[in-house]
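Down below is the structure, laid out as structure tokens.
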Amino acid sequence: MAMSEWERQRTLEMIDKLSDNERERVLSSVQSFTNWLRDKLYFIYNKVRDKVRSLWDKLCSFFY
Amino acid sequence: MFSFKEKTPIRLVIGLNQVDKMIPGGWNEKLNCPTKEAEEQLEKRAKDIISKLSKIAQLSDTHIEYYSALKRYRLIPLLSKVIANAYAGFKLDHIKPRDPFELADPEVKAFADEQRAKRNKGNQQDSNLFLEELSKYLSPQDTKLLQEKLAQEKQRPPKVAILGKAGVGKTTTINSVFNAEWKTSHTTVGTTEAQMKEFELKDGGGTLSVVDLPGYGRSLKEDAKYDEIYQSVIPSCDVVLLIMQADARDLTDDQEMILKLTQWLKKSPTPQR
């Protein structure tokens, strides 16, 4: 049976949600990498600490 | 909204599975998604449970996610929480959970594929961008050291411990979220001891180690025995995934387990390898 207009709209909504979820996954990965860097190479983390925050903001602005 | 945290997270993720069963008649099988009305209700109910659980062990809601492994609903949010809270969780960021539209009507799947293909053109963003940017502010020596440490880290397979009561969908969760086939024994019912399983992830994604821990809540005697197993296994894991049934009426055993896990993991903030 052909998809109704409502079904198409609902499917598009679900695709939108999946896209949003993908963006959060990327940010989770960045957060995780930063945590790992802080634990493993603290002196390097200290050198880029301020940059990390501004890059995080930059990355968020790509997404939201 | 996501906010940046400068604190090592507790390596625990709580998954509230089977949300598709929370609202009777609320699942649209043709589209394989909740009806709009049901989605609003289940979101509200799941958030109530998350709020309740987060208070018991002072966990933030960044450790808890609701989903349905069977229907492949909200698998990416669950994976995101695993990535964010696991030690070196970025090693899991290439994993693509199973596609919910594969379970929808073929016509719906075709429509979804067409729409997604249109959107994906020229819209590639990934976390490598972040690493490339950081390298600009480091000396060549520091960059080399970082690359070496990263290569070492990536050689270790991510190690995930999974636990929950019998029938909460641990195996389905692993299969769906990590997009991997986990072969279980047909001769035993339930897991009585910790079982270590290693398997290849799809698309050359490497190996994932999963420690299937015995289920709690059957008897006090068994729970005491299993606590010893949990405490011997958990410190070496990169993340612990506790699966609960989203519509369970009695959360006492789960709450107790969350408290214990939180305490054990606080004692070893990074995995003891």
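Restricting to segment B:215-228, name every residue that is surrounded by 16 or more Cβ atoms within 10 Å (Cβ to Cβ) and more than 18 Å from the chain's Cα centre (by Cα). Those that are surrounded by 16 or more Cβ atoms within 10 Å (Cβ to Cβ) and more than 18 Å from the chain's Cα centre (by Cα): B:Tyr216, B:Gly217, B:Asp223, B:Tyr226. Answer yes or no: is there a residue in segment B:19-29 that is under 17 Å from the mean Cα position of the chain (by Cα) and either more than 9 Å from chain A (Cβ to nearest Cβ) or over 18 Å from B:Leu261 (Cα atoms) (or both). Within segment B:19-29 (the criterion being under 17 Å from the mean Cα position of the chain (by Cα) and either more than 9 Å from chain A (Cβ to nearest Cβ) or over 18 Å from B:Leu261 (Cα atoms) (or both)), the answer is yes, since at least one residue qualifies.
Can you tell me which residue is modelled with the highest pLDDT among those in segment B:1-30 that are of a type in the set (Gly, Ala, Ser) and surrounded by fewer than 18 Cβ atoms within 10 Å (Cβ to Cβ)? Per the criteria, the residue is B:Gly25. Being surrounded by 19 or more Cβ atoms within 10 Å (Cβ to Cβ) and more than 7 Å from chain B (Cβ to nearest Cβ) is true of A:Thr34.
Residues checked against (1) among the hydrophobic types (A, V, I, L, M, F, W, C); (2) modelled with pLDDT of 80 or more:
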residue: B:Val189; (1), (2): yes, no
residue: B:Leu201; (1), (2): yes, no
residue: B:Gly217; (1), (2): no, yes
residue: B:Ala224; (1), (2): yes, yes
residue: B:Ser232; (1), (2): no, yes
residue: B:Pro235; (1), (2): no, yes
residue: B:Leu242; (1), (2): yes, yes
residue: B:Met257; (1), (2): yes, yes
residue: B:Leu265; (1), (2): yes, yes
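Close Cβ contacts (under 6 Å, 6 or more residues apart or on different chains) running from residues in segment B:67-78 that are touching a residue at least 24 places away in the same chain (Cβ under 8 Å) to residues that are among the small types (Gly, Ala, Ser) comprise B:Ala69/B:Gly169; B:Ala69/B:Ser176; B:Arg72/B:Ser176; B:Leu75/B:Ser176; B:Leu78/B:Gly15. Residue count for segment A:37-57 under the criterion of being surrounded by 13 or more Cβ atoms within 10 Å (Cβ to Cβ) and more than 15 Å from B:Lys149 (Cβ to Cβ): the result is 6.
Under the condition of being among the polar types (S, T, N, Q), in contact with a strand residue (DSSP E or B) (Cβ under 7 Å, 6 or more places away or on another chain) and either in a helix (DSSP H, G or I) or under 13 Å from B:Asn179 (Cα atoms) (or both), the residues counted in segment B:193-235 number 1.
Within segment A:24-31, not a single residue is surrounded by fewer than 21 Cβ atoms within 10 Å (Cβ to Cβ), more than 7 Å from every other protein chain (Cβ to nearest Cβ) and not β-branched (Val, Ile, Thr). Taking first residues from segment B:245-267 that are of a type in the set (Gly, Ala, Ser) and partners that are modelled with pLDDT under 90, the Cβ contacts under 7 Å between residues at least 6 apart in sequence or on separate chains come to B:Ala246/B:Ala46; B:Ala246/B:Ile49. B:Val168: more than 8 Å from chain A (Cβ to nearest Cβ), within 12 Å of the chain's Cα centre (by Cα) and either at pLDDT 90 or above or farther than 24 Å from A:Ser54 by Cα (or both), yes or no? Spelling it out, it is not the case that B:Val168 is more than 8 Å from chain A (Cβ to nearest Cβ), within 12 Å of the chain's Cα centre (by Cα) and either at pLDDT 90 or above or farther than 24 Å from A:Ser54 by Cα (or both).
Scanning segment B:31-85 for residues that are at pLDDT below 90, surrounded by 14 or more Cβ atoms within 10 Å (Cβ to Cβ) and part of a loop (DSSP other than H, G, I, E, B) yields B:Ala57, B:Leu59.
Is segment B:242-252 home to any residue that is part of a helix (DSSP H, G or I) and within 19 Å of the chain's Cα centre (by Cα)? No.
Any residue in segment B:99-115 that is within 19 Å of B:Asp20 (Cα to Cα), in contact with a Gly (Cβ under 7 Å, 6 or more places away or on another chain) and in a helix (DSSP H, G or I)? Within segment B:99-115 (the criterion being within 19 Å of B:Asp20 (Cα to Cα), in contact with a Gly (Cβ under 7 Å, 6 or more places away or on another chain) and in a helix (DSSP H, G or I)), the answer is no, since none of the residues qualifies. Looking at segment B:105-118, is at least one residue at pLDDT below 90 and more than 8 Å from every other protein chain (Cβ to nearest Cβ)? Within segment B:105-118 (the criterion being at pLDDT below 90 and more than 8 Å from every other protein chain (Cβ to nearest Cβ)), the answer is yes, since at least one residue qualifies. Of everything in segment B:39-73 that is aromatic (Phe, Trp, Tyr) and out of contact with any Ser or Thr (no Cβ under 9 Å at 6 or more places or on another chain), the residue that is nearest to B:Leu259 (Cα to Cα) is B:Tyr66. Once segment B:30-64 is narrowed to residues that are more than 18 Å from B:Asp254 (Cα to Cα) and among the acidic types (Asp, Glu), the residue that is nearest to the other protein chains (Cβ to nearest Cβ) is B:Glu39.
The values are calculated or read from the model by the stated rules, or taken from the named source; none is laboratory data. Predicted model only: the values in this text are computed from it and were never measured. Note that each Cβ is placed from the backbone with ideal geometry, even for glycine, and that neighbours are counted across all protein chains shown.
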